[in-house]
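The values are calculated or read from the model by the stated rules, or taken from the named source; none is laboratory data. These figures come from a predicted structure and were not determined experimentally. For neighbour counting, all protein chains shown are included, and Cβ atoms are generated from backbone atoms with ideal geometry for every residue, glycine included.
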Amino acid sequence: MSNLDNLGNVLIRSDLNVPIKNGEITDYFRILKSVGVIEKIFDKSRTITFTSHMGRPEGKDINLSLRPVAESMKNILGQEVHFIDEVIGAKVEEQIEKSESKIFLLENLRFKKGEVDNDKNFSKEITKPFNSYIFDAFGAAHREHASVVSFGENLESFQGPLMDKEIYELDKLLNNSKSGYAVLLGGAKISDKLNLIEKLLPKVEYLMVGGGMCFTFLKAKGHEIGRSLLEESFVSKAEGLLNSKFGKKIVLPIDFGVSDSVDSSVRENVMLEDFKSNHIGVDIGPQSVSNFRIILDKSNYIFWNGPMGIFEKEEFSYGTREITEIISNSSAYTCIGGGDSVSAINKFSNKKYFNHISTGGGASLEYLEGKKLPGVNKYKSLIIW
């Protein structure tokens, strides 16, 4: 039940930052998750207004407008969602006051500099037409932006149900002290995940590394990696992790799909010891998949973030496709850390086969690092469970 019987005009900060190609939304996952709050508050509110960011615009950028999201929300909900092509000001106030619509969506928050700058005057102005505020954007919870930390200072404010759900599920991993905890990390850069690796190594039984980031570890071990992706400035850090008392928990690929160009459609599978100076690693190979499978099949908890290679190209998708299938069929508790892993699931599997898929890639990683995120538990929960 709700903490309030009458929320009045409600402003909801959601994460509606969805991928759009040629004006069409290609993944509705965040929208579907975000609109769930409506049924909780529909009868207890006069109006419901959503606000969100889209991308990282510098000023107004029509290509990053939330207008297509309003159309998508309308189709999902089966009722009118009135799009207001402003973020703040008299037009917003007038339309919320006079329109017969119940549900509204404002234009991209980041069209206004005050959002990213956490401008208190901006926060005060944008919240003027509203009586209540719900922060329900886990994907933005790690940002010190106005909608995350300042909007709630001006209104009766709550943490939304999607935020509660994210925290509940990620806490299963953050506070996990049980055996059989395996982590699989991929993606391009080790620099994005070094802090996470440091924090997780003492807790997990295995930490498998694929994707472009594995080559910095392999370089640290003295292996030939050809022209594969390498973050030279992090080689010593990777070496330190490998040589630490938890270093034996790190499991690296032993074979690879290689090519002479990431633009090529030609793939050759080679063992690590056969890597040549002209090779570029574009995927993990079948032996590595087999090794990862053995670990994943005996695990009780699995956290996965990041693809195993350039999975967008069919010729380089083998490793990511196989890993997706393995985790899809696992009986373990499976948690997906957002980002490109979700894109892989959309391409090779179905979201229903996973226990939790986070709506926030960067936020989920920082939360599992143990960081205190600005938007997490800042407000009292909207729902009493």
Long-range neighbours under 6 Å by Cβ, at least six apart or interchain, first residue more than 14 Å from Gly281 (Cα to Cα) and in the same structural domain as Ile254 (by TED's automatic domain parsing) within region 308-323, second part of a loop (DSSP other than H, G, I, E, B) and at pLDDT 95 or above: Ile323/Met308
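Residues are listed down the side, and each one gets a yes or a no for (1) surrounded by 14 or more Cβ atoms within 10 Å (Cβ to Cβ); (2) of a type in the set (S, T, N, Q); (3) modelled with pLDDT of 95 or more; (4) part of a loop (DSSP other than H, G, I, E, B):
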| position | (1), (2), (3), (4) |
| --- | --- |
| Leu4 | yes, no, no, yes |
| Ser34 | yes, yes, yes, no |
| Glu39 | no, no, no, no |
| His53 | yes, no, yes, yes |
| Val69 | yes, no, yes, no |
| Glu97 | no, no, no, no |
Residues located in region 285-307, provided they are in contact (Cβ under 8 Å) with a residue 40 or more places away in the chain and in contact with a Phe, Trp or Tyr (Cβ under 6 Å, 6 or more places away or on another chain): Ile295, Tyr301
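For the subset of region 164-192 comprising residues that are of a type in the set (S, T, N, Q) and out of contact with any Asp or Glu (no Cβ under 8 Å at 6 or more places or on another chain), which member is surrounded by the fewest Cβ atoms within 10 Å (Cβ to Cβ)?
Of region 164-192, the ones of a type in the set (S, T, N, Q) are 175-177, 179, 191.
Among the residues that remain, those that are also out of contact with any Asp or Glu (no Cβ under 8 Å at 6 or more places or on another chain) are: 175-177.
Working: Asn175: 9, Asn176: 16, Ser177: 6.
Residue satisfying both the conditions and the ranking: Ser177.
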Residue match in region 368-379 (condition: among the β-branched types (Val, Ile, Thr), assigned by TED's automatic domain parsing to the domain that holds Pro202 and assigned to a loop (DSSP other than H, G, I, E, B)): no
Hits in region 350-364 (condition: closer than 15 Å to Ala137 by Cα and either more than 8 Å from the chain's Cα centre (by Cα) or in a loop (DSSP other than H, G, I, E, B) (or both)): Ile357, Ser358, Thr359, Gly360
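Considering only region 150-262, give the strands (runs of 3 or more DSSP E) lying wholly within it that have at least 2 residues that are within 19 Å of Gln287 (Cα to Cα) and assigned by TED's automatic domain parsing to the domain that holds Ile323. Before the answer, list the steps.
Details: elements: 156-159, 181-185, 206-209, 255-259.
Where strands (runs of 3 or more DSSP E) fall fully within region 150-262 and carry at least 2 residues being within 19 Å of Gln287 (Cα to Cα) and assigned by TED's automatic domain parsing to the domain that holds Ile323, they are 181-185, 206-209, 255-259.
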Residue ID - nearest to Ala182 (Cα to Cα), chosen from residues in region 284-299 that are among the polar types (S, T, N, Q) and assigned to a helix (DSSP H, G or I): Asn291
Residue pairs meeting the criteria (Cβ under 7 Å; at least 6 apart or on separate chains; first of a type in the set (Val, Ile, Thr), in region 77-91; second in a helix (DSSP H, G or I) and loosely packed, with under 13 Cβ neighbours inside 10 Å): Ile84/Lys91
Residue in region 22-32 that is among the β-branched types (Val, Ile, Thr) and at pLDDT 95 or above present: yes
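Here's the yes/no breakdown for (1) crowded, with 17+ Cβ neighbours inside 10 Å; (2) assigned by TED's automatic domain parsing to the domain that holds Asp136; (3) under 24 Å from the mean Cα position of the chain (by Cα):
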{"site": "Arg13", "(1), (2), (3)": "yes, yes, yes"}
{"site": "Gly23", "(1), (2), (3)": "no, yes, yes"}
{"site": "Phe29", "(1), (2), (3)": "yes, yes, yes"}
{"site": "Arg56", "(1), (2), (3)": "no, yes, yes"}
{"site": "Lys60", "(1), (2), (3)": "no, yes, no"}
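Might you let me know whether region 87-94 holds any residue that is crowded, with 20+ Cβ neighbours inside 10 Å, assigned to a helix (DSSP H, G or I) and touching a helix residue (DSSP H, G or I) at 6+ places or on another chain (Cβ under 7 Å)? Write out each step before concluding.
Narrowing region 87-94 to residues crowded, with 20+ Cβ neighbours inside 10 Å: 87-88, 92.
Checking the rest, the ones that are also assigned to a helix (DSSP H, G or I) come to 92.
If we keep only those that are touching a helix residue (DSSP H, G or I) at 6+ places or on another chain (Cβ under 7 Å) as well, we get none.
Checking region 87-94: not a single residue is crowded, with 20+ Cβ neighbours inside 10 Å, assigned to a helix (DSSP H, G or I) and touching a helix residue (DSSP H, G or I) at 6+ places or on another chain (Cβ under 7 Å).
For (1) surrounded by fewer than 15 Cβ atoms within 10 Å (Cβ to Cβ); (2) touching a Phe, Trp or Tyr at 6+ places or on another chain (Cβ under 7 Å), each residue gets a yes or a no:
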| position | (1), (2) |
| --- | --- |
| Tyr206 | no, no |
| Phe217 | no, no |
| Glu224 | yes, yes |
| Gly240 | yes, no |
| Val251 | no, yes |
| Asp263 | yes, no |
| Arg267 | no, yes |
| Glu273 | yes, no |
| Asn278 | yes, no |
Search result, residues across region 280-300 that are more than 10 Å from Asp255 (Cβ to Cβ), crowded, with 16+ Cβ neighbours inside 10 Å and among the aliphatic types (A, V, I, L, M): Ile280, Val282, Ile295, Leu296
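Being under 14 Å from the mean Cα position of the chain (by Cα), under 30 Å from Ile20 (Cα atoms) and outside any helix (DSSP H, G or I) is true for just one of Gly309, Gly281, Gly338. Which residue is that? Don't jump to the end; show me each part of the working.
Working: Gly309 fails: under 14 Å from the mean Cα position of the chain (by Cα); Gly281 fails: under 14 Å from the mean Cα position of the chain (by Cα).
Going through Gly309, Gly281, Gly338 in turn, the sole match is Gly338.
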Residue in region 105-120 that is among the polar types (S, T, N, Q), under 14 Å from Ser150 (Cα atoms) and not in a loop (DSSP other than H, G, I, E, B) present: no
